[in-house]
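Here the structure is laid out as structure tokens; the discussion comes afterwards.
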Amino acid sequence: MASSFLSSSAKPYCSSSPLNPNRFPSPTTSSSAAATPRFPINGLSAAAAAVKSNPTASIHRIRALPRAARASLPRRPEYVPNRIDDPNYVRIFDTTLRDGEQSPGATMTSAEKLVVARQLARLGVDIIEAGFPASSPDDLDAVRSIAIEVGNAPVGDDGHVPVICGLSRCNKRDIDAAWEAVRHARRPRIHTFIATSEIHMQHKLRKTPEQVVAIAREMVAYARSLGCPDVEFSPEDAGRSNREFLYHILGEVIKAGATTLNIPDTVGYNLPYEFGSLIADIKANTPGIENAIISTHCQNDLGLASANTLAGARAGARQLEVTINGIGERAGNASLEEVVMAIKCRGELLGGLYTGINSQHITMTSKMVQEHSGLIVQPHKAIVGANAFAHESGIHQDGMLKYKGTYEIISPDDIGLTRTNEFGIVLGKLSGRHAVRSKLVELGYEINDQEFEDFFKRYKEVAEKKKRVTDEDIEALLSDEIFQAKVIWSLVDVQATCGTLGLSTATVKLIAPDGEEKIGCSVGTGPVDAAYKAVDQIIQIPTILREYSMTSVTEGIDAIATTRVVVTGDVSNNAKHALTGQSFNRSYSGSGADVDIVVSSVRAYLGALNKMCSFVGAVKAGTEVPQNQSV
């Protein structure tokens, strides 16, 4: 009885990538064969066979696989728009640059979107939804740039080239804009949508079901007629739509040429069993469904987006729409890292499903999206949160010291999170370029020579003030120096005075886009307020500070402070919301880091203003600062 109970216990550790075998040492105490856990790896036939024949096989034997065995990992099936040759393969459709960017304050410039798109390609996503081209000329240009540069550049050992997708409503103007943007990619896709729930058709569209079907059919056919071989159709608010109507409209768009049918839970209303049943019913009852891929797109309003997505995959969906860090409208979307790692960790319960994601790039991608979007994940966020692999409870620490598999079901190494310093290098003010560059490589950062020189200069400035520079300091400085918007205005000097004896004052010196130095000074309710007013005097763009926050990167009185701000401006850029079509005033985020909190605050503010200037394509700074406001 005891043996049976132990052998059927939950498998405590999962992984699918070879790791440092020393990361998880064997338990110090011996155990019986029945009590020793097995460690399945999705799709790794050689290792799976070894484990099956020997249930006592240790995690080290799987993780220390020779290169030849690792080469037997399942390869990504050749891309065909309306079918997947391997029924267990799941396409990952990332919409961080489209749905994710609709989060308030998450506006990214074209250059930032291109950087993120390159990282998504390295991560191995199958489809990148690069934006909503009809929303603004800048969005169209951004999607076009991604299509040209990322949509034609092979990455990885398998030479993977992602599909580049543009969103459009069901009208010719939107579809034309989407096609103009994505047609330059090797694998272009147009994603068009129209609402199908009764509440949306009646109150938003004010159209009959028959009219909606006719529009959907006509616009899918129109997208195909432009020469686009890959068209995705979404019945918006499918989770609250009539089932029979869904089967009908989906069957009609398949006839018109749709290759992927995306089923969105637009308002995050469904429970996992409901959504899984919806996908299964669509698969069983839609005419011609064998000629299209079923996709999911789940919002997180009830906190069930990732669970619903996995339920959809288990029921037959073979494309999953997700975002990095789960960012998106309202409460966000299904999180790529959660969905991918759940499939990787528990794939055997999902029928052997697997993806083409290189999970070693998850941590870096998460950090990059945080920096460029300005949306920081909560510490307890699954997979990528600061506390995801932290253990403070005494009982947990005791178990971890004895065997890490007791409380960690995923290794930090699996997602590219490395904190060990195998060379014993401690960085300080005497550290040279080689040591610092080695540390960047160890942390997973790849930057060019010019970026490194810019970073190294900032590093030396901080190292002169701190006895020891930690990994967290390095990442904060790198984010502040490298992961920033295009530099239009650059900071030279800041000087501030404050206290209880008089007004706070600040003097700021900036370099203008034409290279001229401009100086402004002001008084304020505090040093940061005074410094921001001095910056406003120089740049002269009306802004409203919406959010301001500051955190300490490490402990200690000499810690680096990281500041994040969100601003809005009065400059209209004619941006339109993807779902409502309404114009809106964008928000712009910025971040800064320095040991001086005033300098950190000014860097953050300047980063947000630079992003705003880049986005609107104009710098309102032609006039000189009045003499009486200069120092």
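The values are calculated or read from the model by the stated rules, or taken from the named source; none is laboratory data. These figures come from a predicted structure and were not determined experimentally. Virtual Cβ from ideal backbone geometry, glycine too; neighbours counted across all protein chains shown. Side chains included, ligands, DNA and RNA excluded: accessible areas come from the protein's heavy atoms. Shrake-Rupley method; radii C 1.70, N 1.55, O 1.52, S 1.80 Å.
What residue, of Ser366, Ser359, is under 19 Å from Glu101 (Cα atoms), in the same structural domain as Phe233 (by the TED database) and of a type outside the set (A, V, I, L, M)?
Details: Ser359 fails: under 19 Å from Glu101 (Cα atoms).
Sole residue among the options that is under 19 Å from Glu101 (Cα atoms), in the same structural domain as Phe233 (by the TED database) and of a type outside the set (A, V, I, L, M): Ser366.
Okay, residues lined up against (1) at pLDDT below 85; (2) open to solvent by 30 Å² or more (accessible area, probe 1.4 Å); (3) not β-branched (Val, Ile, Thr):
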| site | (1), (2), (3) |
| --- | --- |
| Tyr354 | no, no, yes |
| Ser359 | no, no, yes |
| Met364 | no, no, yes |
| Lys367 | no, yes, yes |
| Val377 | no, no, no |
| Glu392 | yes, yes, yes |
| Met400 | yes, no, yes |
| Gly428 | yes, no, yes |
| Gly432 | yes, yes, yes |
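Going by the conditions given, is Ala331 in the same structural domain as Tyr247 (by the TED database) and part of a loop (DSSP other than H, G, I, E, B)? Outline the logic, then answer.
Working: in the same structural domain as Tyr247 (by the TED database): yes; part of a loop (DSSP other than H, G, I, E, B): yes.
For Ala331, the condition - in the same structural domain as Tyr247 (by the TED database) and part of a loop (DSSP other than H, G, I, E, B) - is met.
Please count how many residues of segment 91-111 are open to solvent by 10 Å² or more (accessible area, probe 1.4 Å) and acidic (Asp, Glu).
1
Within segment 560-574, restricting attention to residues that are in a loop (DSSP other than H, G, I, E, B) and open to solvent by 10 Å² or more (accessible area, probe 1.4 Å), which residue is modelled with the highest pLDDT? Explain how you work it out, then say what you get.
Of segment 560-574, the ones in a loop (DSSP other than H, G, I, E, B) are 560, 570-574.
Cutting the leftovers down to open to solvent by 10 Å² or more (accessible area, probe 1.4 Å) gives us 570-574.
Details: Asp570: 65, Val571: 53, Ser572: 52, Asn573: 50, Asn574: 51.
Among residues in segment 560-574 that are in a loop (DSSP other than H, G, I, E, B) and open to solvent by 10 Å² or more (accessible area, probe 1.4 Å), the one modelled with the highest pLDDT is Asp570.
Of these, Gly328, Gly316, Gly312, Gly347, which one is modelled with pLDDT under 95 and either in contact with a Phe, Trp or Tyr (Cβ under 7 Å, 6 or more places away or on another chain) or under 14 Å from Val90 (Cα atoms) (or both)? Write out each step before concluding.
Numbers: Gly328 fails: either in contact with a Phe, Trp or Tyr (Cβ under 7 Å, 6 or more places away or on another chain) or under 14 Å from Val90 (Cα atoms) (or both); Gly316 fails: modelled with pLDDT under 95; Gly312 fails: modelled with pLDDT under 95.
The conditions single out Gly347.
Among the listed residues Ala106, Ala68, Ala57, identify the single one that is outside any loop (DSSP other than H, G, I, E, B), at pLDDT below 95 and either more than 27 Å from Asp414 (Cβ to Cβ) or not aromatic (Phe, Trp, Tyr) (or both).
Values: Ala106 fails: outside any loop (DSSP other than H, G, I, E, B); Ala57 fails: outside any loop (DSSP other than H, G, I, E, B).
Going through Ala106, Ala68, Ala57 in turn, the sole match is Ala68.
Tell me, please, whether a residue that is under 14 Å from Ala238 (Cβ atoms) and in a loop (DSSP other than H, G, I, E, B) can be found in segment 291-300.
Filtering segment 291-300 for residues under 14 Å from Ala238 (Cβ atoms) gives 294-299.
Next cut, in a loop (DSSP other than H, G, I, E, B) only: none.
Within segment 291-300, none of the residues are under 14 Å from Ala238 (Cβ atoms) and in a loop (DSSP other than H, G, I, E, B).
Suppose we filter segment 225-251 for residues that are open to solvent by 60 Å² or more (accessible area, probe 1.4 Å), under 30 Å from the mean Cα position of the chain (by Cα) and under 27 Å from Pro188 (Cβ atoms); how many remain? Spell out how you get there, then give the answer.
Restricting attention to segment 225-251, the residues satisfying the condition of being open to solvent by 60 Å² or more (accessible area, probe 1.4 Å) are 225, 229, 240, 242-244, 248.
Okay, now just the ones that are also under 30 Å from the mean Cα position of the chain (by Cα), so 229, 240.
Filter again for under 27 Å from Pro188 (Cβ atoms), leaving 229.
Qualifying residue count, segment 225-251: 1.
For the condition out of contact with any Pro (no Cβ under 7 Å at 6 or more places or on another chain) and surrounded by fewer than 22 Cβ atoms within 10 Å (Cβ to Cβ), what is the one hit in Gly288, Gly312? Before the answer, list the steps.
On the way: Gly312 fails: surrounded by fewer than 22 Cβ atoms within 10 Å (Cβ to Cβ).
Within the list Gly288, Gly312, the selection yields Gly288.
Considering only residues of segment 522-548 that are of a type in the set (Ser, Thr, Tyr) and either out of contact with any Lys or Arg (no Cβ under 7 Å at 6 or more places or on another chain) or over 25 Å from Leu503 (Cβ atoms) (or both), which is surrounded by the most Cβ atoms within 10 Å (Cβ to Cβ)?
Going residue by residue through segment 522-548, those that are of a type in the set (Ser, Thr, Tyr) are 522, 525, 532, 543, 548.
Those left that are additionally either out of contact with any Lys or Arg (no Cβ under 7 Å at 6 or more places or on another chain) or over 25 Å from Leu503 (Cβ atoms) (or both): 525, 532, 543, 548.
Details: Thr525: 11, Tyr532: 26, Thr543: 20, Tyr548: 15.
Out of the qualifying residues, it is Tyr532.
Pick out the one residue from Arg144, Arg173, Arg189 that is buried (at least 23 other Cβ atoms within 10 Å of the Cβ) and assigned to a helix (DSSP H, G or I). Steps first, please.
On the way: Arg173 fails: buried (at least 23 other Cβ atoms within 10 Å of the Cβ); Arg189 fails: assigned to a helix (DSSP H, G or I).
Result: Arg144 is the single residue among Arg144, Arg173, Arg189 that is buried (at least 23 other Cβ atoms within 10 Å of the Cβ) and assigned to a helix (DSSP H, G or I).
Exactly one of these conditions fails for His577: (1) modelled with pLDDT of 75 or more; (2) of a type outside the set (A, V, I, L, M, F, W, C); (3) more than 20 Å from Thr505 (Cα to Cα). Give me its number.
Among (1) modelled with pLDDT of 75 or more; (2) of a type outside the set (A, V, I, L, M, F, W, C); (3) more than 20 Å from Thr505 (Cα to Cα), the lone unmet condition for His577 is (1).
Working only within segment 503-519, note down all residues that are closer than 10 Å to Ala534 by Cα and either exposed (fewer than 15 other Cβ atoms within 10 Å of the Cβ) or charged (D, E, K, R) (or both).
Lys509 - this is the single residue of segment 503-519 that is closer than 10 Å to Ala534 by Cα and either exposed (fewer than 15 other Cβ atoms within 10 Å of the Cβ) or charged (D, E, K, R) (or both).
Within the bounds of segment 205-226, is there any residue that is in contact (Cβ under 8 Å) with a residue 40 or more places away in the chain and assigned to a strand (DSSP E or B)?
Looking through segment 205-226, none of the residues is in contact (Cβ under 8 Å) with a residue 40 or more places away in the chain and assigned to a strand (DSSP E or B).
Kindly establish whether Ser479 is surrounded by fewer than 18 Cβ atoms within 10 Å (Cβ to Cβ) and within 34 Å of the chain's Cα centre (by Cα).
Details: surrounded by fewer than 18 Cβ atoms within 10 Å (Cβ to Cβ): no; within 34 Å of the chain's Cα centre (by Cα): yes.
Considered against the rule, which asks whether it is surrounded by fewer than 18 Cβ atoms within 10 Å (Cβ to Cβ) and within 34 Å of the chain's Cα centre (by Cα), Ser479 comes out as no.
Mind checking whether some residue in segment 319-326 is in contact (Cβ under 8 Å) with a residue 12 or more places away in the chain, surrounded by 24 or more Cβ atoms within 10 Å (Cβ to Cβ), farther than 20 Å from Ala130 by Cα and not polar (S, T, N, Q)?
no
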